[in-house]
Amino acid sequence: MNNPLILAILISTIHSLAFAEDAMNRNIHFRGSLDNSRIQFEKNKKGHVVFIGGSITEMDGYRPMVSEDLQKRFPDTKFTFTNAGISSTCSASGAFRLEEHVLKTGPVDLFFMEFAVNDDQDAGHARRECIRGMEGIIRHAWQHNPNMDIVITHFVNPGMLQLLQGGKEPLAMESHETVARNYGVSTIHLAQEVADQIKAGTLTWQKFGGTHPKPPGNRICADLIKEMLESAWKGDLAADAVMKPQPLPETVIDPNHYGNGRFLEIKSAQIKNSWTVSVPEWDKLQGGKRGRFTNIPILWAEEPEAELTLEFEGKAVGAYILAGPDAGIVEASVDGGPVKNHQLFHRFSGGLHYPRTVIFEADLKPGKHTLKLRTTGEKNPKSSGHAMRIMQFVAN
């Protein structure tokens with residue numbers, strides 16, 4: 001074989017297949033290469049590692065364990081570890097906040113994601129939204145920095161565990177795996193590992209620690225990641241090793257993925273009446289509050305008939321909001337089109353000002369558009385009011 005490019009691809013494919021076969025019983029799905037981050041850590045002696053996800057990432061769980069393992073492997077490397085986990089957020093929210101919370105933190109070398117649990121129990125996403133969020137994150141990340149290595153981890157909740165124990169793949173995990181295969185992204189199927197160990201009698205759900213794992217459960221995850229990295233990085237790094245851009249496949253799974261997802265500042269809205277931009281008097285509002293949200297100005301209205309318009313460009317528009325016990329129902333229309341009602345109250349809103357992304361339109365023609373948004377006198381029977389509190393508008 002005289003073509004060096006074809007030979008290199010063949011060798012890489014053989015290596016990946018051999019590793020996948022060796023690691024299959026450990027629920028590690030190795031795809032592509034993780035050489036770029038190794039080159040950065042080992043040769044350049046610096047590295048930026050980012051973790052994005054929900055509360056499982058935000059908490060002191062698997063994330064600090066993986067960070068510690070990386071620092072031990074590369075003791076002379078100066079690492080920056082960024083925690084971009086925000087409790088309750090799903091992959092769609094992740095796609096819209098990616099630029100602000102990840103890409104603006106500096107060049108990323110190794111990027112860990114977990115959204116399976118929140119796409120399931122928090123957002124209750126259909127397959128389309130699971131795909132659009134995850135595919136959007138990967139495409140946006142690689143368009144920003146094609147040398148970035150990415151790893152997706154599937155955590156687990158009781159409902160997902162029950163499905164796995166019955167031989168069925170939970171929707172969010174199946175959707176994320178579909179995206180990962182299409183883009184050659186490695187995944188850690190922690191959820192299946194937990195199911196396998198429970199079946200083997202070597203683990204209990206109580207020992208694992210539940211949806212938000214205890215240290216032993218997080219250690220299982222960190223060890224799977226460590227095993228994958230050690231296998232991917234075994235042997236000496238070639239003296240002439242150079243980074244190779246991750247290839248973006250020409251075929252997309254969903255043409256309306258959130259790969260251009262971004263925040264739009266609340267001040268860009270044109271207020272007609274009854275909206276206020278300020279830090280709310282949270283102590284006067286019922287429901288739990290999370291500290292990360294209580295000191296930022298937001299755009300809010302608490303009475304019906306508050307109206308605004310927003311000009312934006314793209315194929316989708318929505319809002320990243322806090323939906324509390326008094327969350328209402330709003331009307332939205334784009335470019336004078338049909339008016340659609342959107343329920344802001346979430347099943348977790350009864351006791352918490354809950355962060356969530358509400359999409360008003362997701363399949364528009366590319367170009368400039370105008371959103372009209374109005375609070376209504378309607379509300380969920382469980383809600384105590386008609387409020388909407390917007391942290392950022394989102395567009396794609």
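Some values worked out for this structure:
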| item | result |
| --- | --- |
| DSSP beta bridge pairing in the chain, given as percent antiparallel to the nearest 5 | 65 percent |
| For the chain, calculated [θ]222 nm from helices alone, where every DSSP H run of n ≥ 4 adds -39500 (n - 2.57) | -10000 deg cm²/dmol |
| Residues with amide H under 5 Å from that of Ala323, placed H, sequence gap 5 or more | Tyr354, Arg356 |
| For Lys46, residues with placed amide H under 5 Å, excluding near neighbours | Lys78 |
| Under Karplus coefficients 6.51, -1.76 and 1.60, residue-wise ³J(HN,Hα) of segment 233-244 in Hz, glycine/proline x | 9, 5, x, 7, 6, 4, 4, 9, 4, 10, 5, 10 |
| Mean Cα-pair separation over length for segment 29-112, i.e. relative contact order, pairs under 8 Å, 6 or more apart, % | 43 percent |
| Dimensionless Rg ratio for segment 143-297, taking C-alpha atoms and the 2.2 N^0.38 Å reference | 1.46 |
| Around Ala222: net Lys/Arg minus Asp/Glu count, Cβ-Cβ under 14 Å | -1 |
| Cα-based equivalent ellipsoid of segment 4-232: semi-axis lengths in Å, sorted from largest, via gyration tensor | 25, 20, 19 |
| Normalised contact order of segment 4-232, rounded percent, pairs of Cα under 8 Å and 6 or more residues apart | 25 percent |
| Hull-based mean projected area of segment 262-395, where the convex hull spans the alpha carbons, in square nanometres | 7.4 nm² |
| Karplus-derived HN-Hα couplings along segment 364-374 (A = 6.51, B = -1.76, C = 1.60, θ = phi - 60°), whole Hz, x at Gly and Pro | 7, 6, x, x, 8, 9, 10, 9, 10, 10, 9 |
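No value in this document is a laboratory result; all are computed from the given coordinates. In this text, all values refer to a predicted model and were calculated from it rather than measured experimentally. Quick reminder, even Gly has a Cβ in these numbers, built from the backbone with ideal geometry, and neighbours come from all protein chains shown.
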